[in-house]
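Asks: Sharing a structure here in structure tokens format.
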Amino acid sequence: MDWRELRRHGDDRGAEFYLSALTYGQHLWQRGLAARALLAVDRALLADVVAGEAVLATWPLPYRALHWIMTHAEAKALVGNPRVHYQHLADRLKGHRAHQQRARCWAAWQLARLANPDWPGDPKHQVLEPNPKEIARQLREHGLPGEIEVWQSALSP
């Protein structure tokens, strides 16, 4: 399995892409590639999966997986700082699903803060960092039904 698993979907970022991204993330993790696994799971998190998709019953949005990777990876295996990664990603998203994707990035950012409180934010990147209440509000407004509960279950595994 390699990057072509994701490319085979073309522009479709729906349920099949979501499952492929999760599977590819697991494949990368098993090979000791924590940073790449985290990026693959990010792709799943940002996929265009709609409420009621059958895949979500078995594989809910991957907040727990992201937190698990960040807490179990060796520091040198992550290559960068996940907190900064999500901070930058949240601030740069564009397009018709940007509000939903931004809310999910801030939710992942909060997980990164909890996974390793020593990861600093980027002081040069001027962005208003939301508190958990604001993140929950954004997920309620732009996320899927039940998404807040999936995220909150990852906050205290």
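Asks: Looking at segment 106-119, is at least one residue farther than 22 Å from A136 by Cβ and either open to solvent by less than 30 Å² (accessible area, probe 1.4 Å) or of a type outside the set (F, W, Y) (or both)?
Replies: Yes, because at least one residue in segment 106-119 is farther than 22 Å from A136 by Cβ and either open to solvent by less than 30 Å² (accessible area, probe 1.4 Å) or of a type outside the set (F, W, Y) (or both).
Asks: Return yes when R31 is closer than 23 Å to N81 by Cβ and surrounded by fewer than 17 Cβ atoms within 10 Å (Cβ to Cβ) and no when it is not.
Replies: Yes: the conditions hold for R31.
Asks: Right, A90: surrounded by 20 or more Cβ atoms within 10 Å (Cβ to Cβ) and either of a type in the set (G, A, S) or at pLDDT 95 or above (or both) or not?
Replies: It is true that A90 is surrounded by 20 or more Cβ atoms within 10 Å (Cβ to Cβ) and either of a type in the set (G, A, S) or at pLDDT 95 or above (or both).
Asks: Shifting gears a bit: Can you run down the residue pairs with Cβ atoms below 8 Å, 6 or more apart or on separate chains, where the first is in segment 116-138 and under 16 Å from H99 (Cα atoms) and the partner is modelled with pLDDT of 90 or more and acidic (D, E)?
Replies: V127/D91
Asks: Looking at segment 93-105, which of the residues that are surrounded by fewer than 18 Cβ atoms within 10 Å (Cβ to Cβ) and not small (G, A, S) is modelled with the highest pLDDT? Show your work before the answer.
Replies: First, the residues of segment 93-105 that are surrounded by fewer than 18 Cβ atoms within 10 Å (Cβ to Cβ): 93-99.
When the remaining residues are screened for being not small (G, A, S), the result is 93-94, 96-97, 99.
On the way: L93: 88, K94: 88, H96: 88, R97: 92, H99: 96.
For segment 93-105, the residue satisfying everything is H99.
Asks: So which helices (runs of 4 or more DSSP H) stay within segment 55-130 end to end and still have 1 or more residues that are under 13 Å from L155 (Cα atoms)?
Replies: Once the helices (runs of 4 or more DSSP H) in segment 55-130 are filtered for at least 1 residues that are under 13 Å from L155 (Cα atoms), what remains is 63-72, 98-115.
The values are calculated or read from the model by the stated rules, or taken from the named source; none is laboratory data. Because the structure is a prediction, the values reported are computed rather than measured. Methodologically, a virtual Cβ is constructed for each residue, glycine included, from the backbone with ideal geometry; neighbour enumeration extends over all protein chains shown. Ligands, DNA and RNA are excluded from the accessible area calculation, which covers all protein heavy atoms including side chains. Shrake-Rupley method; radii C 1.70, N 1.55, O 1.52, S 1.80 Å.
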